[in-house]
Each structure stands twice: as structure tokens, then as C-alpha cells.
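Asker: Take this structure first; my questions come after.
The values are calculated or read from the model by the stated rules, or taken from the named source; none is laboratory data. Treat the numbers as computed from the prediction; the structure is a model and nothing was measured. Glycine gets a Cβ as well: all are built from the backbone with ideal geometry, and neighbour counts include every protein chain shown. Side chains included, ligands, DNA and RNA excluded: accessible areas come from the protein's heavy atoms. Shrake-Rupley method; radii C 1.70, N 1.55, O 1.52, S 1.80 Å.
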Amino acid sequence: MTPSGTNSGSGRPSDATGSATWAAAWELLLPAASAPARARGRSLQAALREAVRSGRLAPGTRLPSSRELAADLGVSRGLVTEAYEQLTAEGYLRSDRGAGTWVGGAVRAAHPRARDLAPRSPGARVDFLPGTPDLALFPRAAWAAAQRGVLAELPHHALGYPDPRGLPRLRTALAELLARRRGVVADPERVLVVSGVAQATTLLGFVLHARGVRAVGVEDPGTPEHGGLYASAGLRTVPLPLDDEGLAMEPLRESGVRVVATTPAHQFPSGIAYSARRRAELLDWAHSVDGLVVEDDYDGDFRYDRAPVGSLQGLDPEHVAYAGSVSKSLAPGLRLGWLLVPSSLAEEVVERKRTMDLGNPVVDQALLARFMERGDYDRQLRRCQRAYRERRDALVAALEHHFPGTGVSGIAAGLHAIATLPRQYGPQPRFLARMSAAGVAVRPLTDYAQTPVGEEEEEGAVVRLVLGYAHVPPARIWEGVGLMATAVGG
């Protein structure tokens with residue numbers, strides 16, 4: 001049994017939209033056709049009335065002829081004719097002689113609205129919030145060309161359920177890229193394609209929880225999302241302080257945790273690059289407790305003043321799980337990333353990935369593999385690096401001009417900088433209120449504290465900001481810092 005519609009000759013809706021609308025509402029009429037014989041007419045009228053009221057049948061939708069609807073529902077034509085006549089009398093429908101029956105416009109149904117919950121900074125004139133690349137740099141032409149090539153060459157069988165680890169082609173391309181650019185020890189058999197570092201984090205969390213782990217150490221200050229991601233896997237997070245070389249070792253040893261999440265190439269948000277000594281100490285700790293270091297290499301490709309620091313995983317692949325993504329190099333909306341795990345965890349992680357999502361989209365994986373194989377990804381990284389270095393320099397210069405005496409740190413790499421303003425611009429709450437009033441979106445360093453910030457620190461005279469610059473063109477950077485200066489009377 002299938003829904004029929006009406007056009008001028010056959011009783012079908014006059015356009016695709018009307019046809020789709022009628023098809024969606026037709027399902028509501030099926031229960032009415034199964035009602036007891038005496039109640040069938042009233043049930044059909046009530047179902048049609050509700051379909052119009054709810055918006056499932058939109059104004060202007062052409063209904064099927066009474067003969068066709070009766071045949072589809074398995075009821076008498078008279079029952080349908082009576083329902084049409086009753087709803088026409090009530091104003092829900094309108095009937096033009098010889099032209100069919102239509103949904104009238106008298107009912108003002110509330111059309112459901114799909115909300116957009118994507119994170120944004122509504123109303124900001126200039127947005128310095130960290131964590132976003134310049135999405136205008138996305139290589140649309142090269143990506144479209146790669147997509148055409150993939151669709152032309154992808155065999156039909158490849159569109160079935162994929163290996164949960166990811167397409168072998170992409171895992172091979174990732175292994176080559178990460179070994180070459182990040183010094184990773186990358187066996188394609190231990191590379192998993194994931195939908196970003198967030199999925200890599202929860203995936204590891206579930207496997208660790210199944211092994212009896214209940215707590216994970218996290219950097220303080222650090223990535224705000226870690227708490228929620230690990231909590232979703234049943235793990236609590238233990239904040240661990242930093243010093244000038246990276247994660248402070250004594251608090252880590254005293255914490256009792258055996259797993260710690262880190263950003264050693266460019267600590268988020270402080271901008272510290274872990275020293276060689278601290279990296280060695282961290283790996284010694286992992287050996288001593290038979291533990292695991294989770295390395296989030298979120299922006300390791302972007303270093304401006306010297307060569308990128310190699311991955312921690314390359315020093316000890318059996319005690320480090322390595323995660324990264326294309327969120328900063330291409331776009332976060334692609335939801336493509338990777339996870340490399342120690343051999344002792346590999347089978348459990350793969351099985352958990354299988355039950356989690358049955359694998360990532362095949363076409364997207366093949367597309368990224370082709371993009372990397374042809375050198376397009378390396379070209380994109382070079383393009384972004386030039387643009388982001390220029391913007392970093394613009395931010396430093398603008399702060400020196402408008403806020404003399406400002407200390408700027410964490411600028412050797414990444415997409416954000418830490419700005420410590422002179423004391424005269426504090427206290428921090430007053431400064432942030434003025435920024436909000438001026439329409440400049442900024443975030444203080446205290447927002448990234450993993451432990452509650454004391455009132456004294458929260459309201460202290462020193463203002464420390466985490467300023468994202470990658471997504472802001474140089475002219476806008478100067479404009480935004482100028483607005484900040486004007487807002488505080490500079």
C-alpha cells in the first residue's frame with residue numbers, strides 16, 4: 001500500500017514538496033483505517049484534522065482524489081468523500097470543482113524549527129576566542145577535485161560497512177604523514193580513524209574503564225572538555241599543576257593516577273612546549289607505574305620560529321596513545337581524526353570502536369586519503385602556516401601599540417597566545433565587563449582552570465587573556481585590539 005497524490009490528471013501533488021509533505025502525513029491516516037467500522041469515519045476526520053493542525057499537511061498541499069485515498073487505505077470512497085466535505089466546511093480544506101482538494105490556509109500551524117546549537121559568539125564585533133582555525137582557508141577547489149576523483153574510482157563494494165579502524169588506504173596515508181611530519185612510530189595496523197580527538201578520548205576512556213581505571217590526570221590549566229569526555233566513560237579527572245617545563249612531576253607521582261592526558265607539543269592553553277627533560281621524566285613515570293600517557297597533538301604542525309617538536313609517542317609507543325585531527329588544519333566540521341594506541345590496547349580499542357559506530361564514512365575517508373597522497377594536505381598546512389604566522393605577528397604588534405608593557409607568551413606555535421596586561425587594566429572582572437560592552441569576545445586564562453579559582457585570583461588586578469588569532473584577519477586583529485584599548489580608556 002503506497003500513498004498516492006493528485007496532479008491535474010492523476011491525483012498526485014503538483015510538485016515534489018507537496019508530494020513529500022503528503023507522504024509524511026499519509027502515515028497518520030493508517031490507524032484511522034483500522035478503527036472499528038462505526039468509528040472509522042470520525043477517526044479519519046480526526047486524523048486529517050490533526051495532520052493539518054500540526055503542520056504535517058502544509059497549506060497548499062494537494063490531497064489525493066477520494067477514489068485513490070479510499071483504495072490506498074482500504075475504506076469506502078464515501079467515507080473519504082464525507083471526511084473531505086466535513087473538513088472543507090470547517091475550513092481545514094478547500095475544494096475547487098474539477099481541480100481537486102487542497103489544504104486551506106485558515107489554520108496557522110506552528111511549524112517545527114530546527115535549532116542550531118553550534119558554538120558561536122553572538123553579537124561580537126571581533127572574536128578572539130581560541131580554538132578555531134580560519135575556515136575561509138578551507139581548500140574548496142582542491143577538496144572538490146579530490147571528491148570527484150574518489151567518486152569516480154571507488155568500487156561499489158567499498159561502500160559497504162568499513163573496517164572499524166578505517167580504510168586501509170587512509171590508515172596507510174596517515175601513518176606515512178605522521179611519521180614524516182610528527183616523528184610518530186606509526187604502524188597502519190594500529191592507526192584508528194576517528195571523528196576527532198573527542199571521540200578518541202571517549203573511546204580510550206571506555207576501554208580504560210573496562211580495565212578497572214577510574215581516574216585520569218589532566219593538566220591544570222587545561223582543555224575544559226576533558227572532564228565531560230572522561231566522565232561520559234565513567235572516569236573522574238584529577239587536576240595536576242604545571243611548571244615552566246610542563247606537567248609538574250611530584251604532584252603527578254603523589255596523585256596515584258596511572259593515566260594522564262597531556263598536550264606536550266604546545267600545552268593548551270599556556271603555550272608551554274614540554275622540555276626534553278620533562279618529556280623523559282614523564283615517560284619514566286609511565287614505565288614505573290605501567291601507565292599510559294594520552295598525547296593530544298591538537299596543533300603540533302603549526303610552529304613559526306623553529307622546527308616542530310616531535311611527538312612524545314615517537315619516544316615510547318607502548319606507553320603513549322597519540323591523537324590528532326584535521327580540525328585545525330582543514331575544518332572541525334569534517335569530523336576526521338586519528339588515534340594510535342599501544343599494542344596492548346589495540347584489540348580492545350578496535351572492538352569498542354566497532355560497537356560505537358561501525359566505522360567512519362567511507363567516502364570522507366577515501367577523500368582525505370587522496371588529499372594526502374597527492375600532496376594537497378602538505379600544501380594546505382604550508383598555506384595555513386604562512387597565514388597564521390602573519391596573524392600572530394599582527395596580534396603581537398597590535399598589543400605592543402595599544403597596550404604597552406603587555407607580556408605575550410606561547411607564540412612560538414599554535415593558534416592562540418597568552419597576553420598578560422599591565423596591572424593598570426585590572427581588576428579582571430571589570431576589564432571583561434568592558435570587553436563585553438564593547439563587543440569584543442575574549443576569554444581569561446582563569447576559565448581554563450581545572451580546579452575552582454579562588455575569589456582573590458578571580459578578581460585579581462592582573463588580566464591574563466587567551467587570545468585566539470588564527471581565524472581573525474590582520475586588519476580585524478588591529479581593529480579588535482583597538483576596540484579593547486578604547487573600552488578601557490587607552
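Asker: Do the conditions hold for THR237, that is, is it touching a residue at least 24 places away in the same chain (Cβ under 8 Å), hydroxyl-bearing (Ser, Thr, Tyr) and under 20 Å from GLY324 (Cβ atoms)? Lay out the reasoning, then the answer.
Answerer: Numbers: touching a residue at least 24 places away in the same chain (Cβ under 8 Å): yes; hydroxyl-bearing (Ser, Thr, Tyr): yes; under 20 Å from GLY324 (Cβ atoms): no.
Here the answer is no, as THR237 does not meet what is asked.
Asker: Only one of LEU87, LEU117 is within 30 Å of LEU69 (Cβ to Cβ), out of contact with any Phe, Trp or Tyr (no Cβ under 8 Å at 6 or more places or on another chain) and either in a helix (DSSP H, G or I) or among the hydrophobic types (A, V, I, L, M, F, W, C) (or both); which? I'd like the intermediate steps shown before the answer.
Answerer: On the way: LEU117 fails: within 30 Å of LEU69 (Cβ to Cβ).
Only one candidate passes the filter, namely LEU87.
Matching residues to (1) free of Cβ contacts under 8 Å to residues at least 40 places away in the same chain; (2) surrounded by 16 or more Cβ atoms within 10 Å (Cβ to Cβ); (3) in a strand (DSSP E or B):
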| site | (1), (2), (3) |
| --- | --- |
| ARG370 | no, yes, no |
| TYR377 | no, yes, no |
| GLU390 | no, no, no |
| ALA394 | no, yes, no |
| PRO429 | yes, no, no |
| SER436 | yes, no, no |
| GLN450 | no, yes, no |
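Yes or no, residue by residue, for (1) in a strand (DSSP E or B); (2) open to solvent by 40 Å² or more (accessible area, probe 1.4 Å); (3) among the hydroxyl-bearing types (Ser, Thr, Tyr); (4) in contact (Cβ under 8 Å) with a residue 60 or more places away in the chain:
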site	(1), (2), (3), (4)
LEU151	no, yes, no, yes
TYR161	no, yes, yes, yes
LEU177	no, no, no, yes
THR201	no, no, yes, yes
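Asker: Can you tell me which residues in the stretch 125-148 are in a loop (DSSP other than H, G, I, E, B) and either under 20 Å from GLY324 (Cβ atoms) or charged (D, E, K, R) (or both)? Spell out how you get there, then give the answer.
Answerer: Residues of the stretch 125-148 that are in a loop (DSSP other than H, G, I, E, B), as a first pass: 125, 128-134, 138-139.
Hits for the stretch 125-148 are ARG125, PRO130, GLY131, THR132, PRO133, ASP134, PHE138, PRO139.
Asker: Looking at LEU137, LEU73, can you tell me which residue is open to solvent by less than 30 Å² (accessible area, probe 1.4 Å), over 30 Å from ALA346 (Cα atoms) and over 21 Å from the mean Cα position of the chain (by Cα)?
Answerer: Working: LEU137 fails: over 21 Å from the mean Cα position of the chain (by Cα).
None of the other options fit; the residue is LEU73.
Asker: Give the residue that is farthest from LEU247 (Cα to Cα), with candidates limited to residues of the stretch 275-308 that are in contact with a His (Cβ under 9 Å, 6 or more places away or on another chain) and without any contact (Cβ under 8 Å) to a residue 60 or more places away in the chain.
Answerer: Step by step, filter the stretch 275-308, then rank; the result is ASP290.
Asker: Answer yes or no as to whether VAL396 is touching a strand residue (DSSP E or B) at 6+ places or on another chain (Cβ under 6 Å), at pLDDT 95 or above and farther than 27 Å from VAL293 by Cβ.
Answerer: Values: touching a strand residue (DSSP E or B) at 6+ places or on another chain (Cβ under 6 Å): yes; at pLDDT 95 or above: yes; farther than 27 Å from VAL293 by Cβ: yes.
Yes.
Asker: Right, something else. Can you tell me which of (1) within 23 Å of the chain's Cα centre (by Cα); (2) at negative phi; (3) surrounded by 21 or more Cβ atoms within 10 Å (Cβ to Cβ); (4) not polar (S, T, N, Q) is the one LEU399 doesn't meet?
Answerer: (1)
Asker: Looking at ARG354, is it modelled with pLDDT of 95 or more, open to solvent by 60 Å² or more (accessible area, probe 1.4 Å) and within 30 Å of GLY480 (Cα to Cα)?
Answerer: Working: modelled with pLDDT of 95 or more: yes; open to solvent by 60 Å² or more (accessible area, probe 1.4 Å): yes; within 30 Å of GLY480 (Cα to Cα): no.
Spelling it out, it is not the case that ARG354 is modelled with pLDDT of 95 or more, open to solvent by 60 Å² or more (accessible area, probe 1.4 Å) and within 30 Å of GLY480 (Cα to Cα).
Asker: Out of (1) open to solvent by less than 50 Å² (accessible area, probe 1.4 Å); (2) under 29 Å from ALA307 (Cα atoms); (3) hydrophobic (A, V, I, L, M, F, W, C), the odd one out for ALA475 is which?
Answerer: That leaves (1) as the condition not met.
Asker: Against the condition open to solvent by 40 Å² or more (accessible area, probe 1.4 Å) and closer than 14 Å to VAL294 by Cα, how does ARG181 come out, does it pass? Give the derivation first.
Answerer: Numbers: open to solvent by 40 Å² or more (accessible area, probe 1.4 Å): yes; closer than 14 Å to VAL294 by Cα: no.
The answer is no for ARG181.
Asker: Does the stretch 230-250 include one or more residues that are surrounded by fewer than 18 Cβ atoms within 10 Å (Cβ to Cβ), touching a helix residue (DSSP H, G or I) at 6+ places or on another chain (Cβ under 8 Å) and charged (D, E, K, R)?
Answerer: Yes, there is a match, as at least one residue in the stretch 230-250 is surrounded by fewer than 18 Cβ atoms within 10 Å (Cβ to Cβ), touching a helix residue (DSSP H, G or I) at 6+ places or on another chain (Cβ under 8 Å) and charged (D, E, K, R).
Asker: Quick check on my filter: what residues within the stretch 396-409 are in a helix (DSSP H, G or I) and over 21 Å from THR132 (Cβ atoms)? Explain how you work it out, then say what you get.
Answerer: Kept after step one, since they are in a helix (DSSP H, G or I), are these residues of the stretch 396-409: 396-402.
Across the stretch 396-409, the qualifying residues are ALA397, GLU400, HIS401, HIS402.
Asker: Please go through the stretch 291-323 and give me each residue that is basic (Lys, Arg) and not in a strand (DSSP E or B), ordered by number. Reasoning before the result, please.
Answerer: Applying the first criterion (basic (Lys, Arg)) to the stretch 291-323 yields 303, 306.
Across the stretch 291-323, the qualifying residue is only ARG306.
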